[in-house]
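Okay, so here's the structure we're looking at.
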Amino acid sequence: MAVSIIGAGESPYTRHPQPGTTTSRTLADAIGRALKDAGLTPGDVDGFAVSSFTLDPDHAIDLAWKMGFELSWLMQDTNGGASAGNMLQHAVHAITAGDASVIVVAAGDLMDHTAFAKLVARYNSATENHLSPLPLAGPNALFAMLTSRQMEKFGLVREDYGRIAVAQRQWAAGNPGAVYRTPLTLDDYLGAPLVAEPLGRFDCVPPVTGADAVVIVADERADGKRKAKVLSVTASYNADNQVGDGLQTGLRKCAPLAWERAGVSPEDVDIISVYDDYPAMVVAQLMDIGVVTDGADIAEFIDTRIHSRDLALNTSGGQLSAGQAGSAGGLHGLVEAARQLRGQAGDRQVHAKTAAVSGYGMVLYRHGSCANLTVLEAGQ
Amino acid sequence: MSAIIQTCTNCSASYFPARLICRHCHGTEFADDKADTGVVETTTRLSNGLQIATITCPGDVYLIARIIGGTADAGDRIRLTNDPNDDTAVAAFVPLHGTEL
Ligand SMILES: [Zn+2]
């Protein structure tokens with residue numbers, strides 16, 4: 001049975017949430033927008049999946065209750081930047097198995113300064129015991145060292161990463177929902193204060209408060225609606241046991257099967273959302289999913305395909321310009337792909353029949369441990 | 001004051017942070033071993049001035065450490081300590097692994 005996304009919504013991202021903003025209300029706002037986009041109401045929903053770092057003490061069922069969802073399928077996900085792909089993978093099977101027919105997949109967080117500090121200090125026990133006491137507040141230092149390893153291995157320089165950030169900012173200009181839309185020059189990028197050498201301010205995602213949601217249904221319910229058909233979702237967890245250089249993600253393992261099942265090849269896909277917590281991870285994931293082939297001149301690819309925006313990559317501006325709404329970071333790219341495939345991307349609309357969306361996340365100690373790839377196709 | 005590494009009592013595989021099951025022999029008995037030195041693999045300097053490093057030890061052990069008592073460069077062999085105040089000479093501070101898992 002084919003399964004499609006027929007609605008997508010995003011609660012407006014903001015660096016400074018209004019007093020009284022809560023995680024639950026932010027999620028409900030995104031869900032309401034996605035349902036409206038799908039032409040459905042809360043009464044139509046019979047499956048619900050949610051991921052959030054800041055929902056505590058509530059859980060998925062509390063949200064379902066407060067939104068009036070009466071469900072036959074429910075899940076809560078804890079996989080951060082890989083949460084969207086994980087929830088989608090489960091949702092596709094739930095619909096195929098007949099456990100639910102209309103599933104809302106949502107993720108979001110209230111991510112103000114206090115929430116962010118609390119999240120990164122106690123991200124997991126390894127962080128709490130071995131990184132926070134260094135002291136280290138968040139993953140910038142870890143990805144700075146990963147970036148250094150990538151620079152050394154592939155002969156990359158800061159300008160190469162800067163061209164990725166500059167291109168994504170250009171895409172963001174066409175996205176009214178991005179928190180940073182004013183043009184960024186390479187000089188701006190290079191001149192910004194260093195956060196953790198070699199990473200500067202524009203290598204790091206701005207934490208924002210916000211949420212994203214998509215509505216997934218069996219294809220027969222999607223008749224006559226613009227849809228993004230899910231061709232494949234594959235995942236990899238704990239691919240390297242945190243041993244090694246972190247330059248290869250779990251996508252290296254799971255991407256070939258996603259392309260094979262979808263019948264789409266990496267060189268043919270029209271738009272790509274890769275999980276851009278740092279520009280180095282954009283590079284790593286493009287290599288792992290086969291868009292940048294092994295042995296290719298990476299600097300040249302960045303210049304001629306990404307910087308030129310010949311490649312429709314992170315067309316919302318990505319998290320680097322749109323913002324990282326906590327666990328919504330992975331769903332943000334899926335919402336953008338769904339909007340592009342359904343012709344709803346406004347000033348940044350590209351001609352796209354197929355899309356690929358990667359997820360990457362959950363730094364256990366040194367680098368991310370969860371990854372997934374989704375391949376989608378536009379349909380009517 | 002060395003760094004404390006978890007060692008499988010059956011096959012001597014080394015881990016940091018501590019694991020529940022040895023992924024080489026699937027044993028569940030571990031002991032704490034001292035590691036006195038390691039090799040600096042990568043470093044970064046934070047905006048607050050701290051130098052953070054990745055340190056390698058034999059057996060595919062990678063430690064995230066703060067350099068204290070001086071600065072370190074990639075390739076240096078460096079003394080390991082679990083005491084952040086042990087900074088009379090350059091060392092890599094590796095917070096003790098907890099016993100809770
Ligand atoms: Zn063993």
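The values are calculated or read from the model by the stated rules, or taken from the named source; none is laboratory data. Here the structure is a predicted model, which is why all the values come from computation and not from measurement. Using ideal geometry, Cβ is built from the backbone for each residue, glycine included, and neighbour counts are taken over all protein chains shown. Each accessible area value is taken on the protein alone, full model and side chains, heavy atoms only, with ligands, DNA and RNA left out. Shrake-Rupley method; radii C 1.70, N 1.55, O 1.52, S 1.80 Å.
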Region A:114-213, relative contact order [Cα under 8 Å, separation at least 6], % = 23 percent
message = List the trypsin sites (Lys or Arg not before Pro) within region A:64-132 that DSSP assigns to loop and that have no more than 12 neighbouring Cβ atoms inside 10 Å.
response = A:Arg122
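With the Cα gyration tensor of region B:3-93 giving a ≥ b ≥ c as the square roots of its eigenvalues, does the rule (a/c under 1.5 for rounded; else a/b larger than b/c for prolate; else oblate) give rounded, prolate or oblate?
Prolate, because a/c is 1.5 or more and a/b exceeds b/c.
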message = List the lysines whose Cα sits under 17 Å from the Cα of A:Lys118, skipping any in the same chain fewer than 8 residues away.
response = none
Those GluC sites (Glu not before Pro) in region A:196-288 that DSSP places in a loop and that have at most 13 other beta carbons within 10 Å = A:Glu267
note = Ordered by number, the trypsin sites (Lys or Arg not before Pro) in region A:15-51 that occupy a DSSP loop and have at most 16 other Cβ atoms within 10 Å are A:Arg15
key: region A:16-50 versus region A:321-380: alpha-carbon centroid distance in Å   = 18 Å
remark   = If each part is reduced to its alpha-carbon centroid, region B:55-71 and region A:228-252 end up apart, in Å, by 26 Å
inquiry  = On a 25 Å Cα-Cα criterion, which of the cross-link pairs A:Lys36/A:Lys227; A:Lys66/A:Lys227; A:Lys36/A:Lys66; A:Lys66/A:Lys229 come out too long?
reply    = A:Lys66/A:Lys227; A:Lys66/A:Lys229
request  = Any aspartates and glutamates with Cα under 14 Å of the A:Lys153 Cα? List them, leaving off those in the same chain fewer than 8 positions away.
outcome  = A:Asp245, A:Asp294, A:Asp297, B:Glu41
request  = Over both sides of the A-B contact, add up the buried accessible area with a 1.4 Å probe and give it to the nearest 100 Å².
outcome  = 2100 Å²
request  = Apply the Karplus parameterisation 6.51 cos²θ - 1.76 cosθ + 1.60, with θ equal to phi minus 60°, to every residue of region B:26-32 and state each ³J(HN,Hα) to the nearest whole Hz, in sequence, with x for glycine and proline.
outcome  = 6, x, 10, 9, 10, 10, 8
message = Probe of 1.4 angstrom, ligands and nucleic acids ignored: what's the accessible area per residue over chain A, in square angstrom?
response = 36 Å²
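Under the definition of partner shielding as Cβ atoms of other protein chains within 10 Å of a residue Cβ, what is the mean value for peptide B:36-48? If you can, show how the numbers build up before the last one.
Values: counts 0, 0, 0, 0, 0, 4, 8, 5, 15, 6, 12, 9, 3.
Average neighbour count from other chains, rounded to a whole number: 5.
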request  = Between A:Ala38, A:Ala137, A:Ala337, find the one with the highest GNM mean-square fluctuation for chain A; connect C-alpha pairs within less than 10 Å.
outcome  = A:Ala137
key: GNM top mover of A:Thr78, A:Thr41, A:Thr114 - chain A, alpha-carbon springs below 10 Å   = A:Thr114
inquiry  = Could you tell me the center-to-center distance, by alpha carbons, between region A:102-117 and region A:144-211 in angstrom?
reply    = 23 Å
key: 10 Å Cβ neighbours from other chains, averaged over peptide A:361-371   = 1
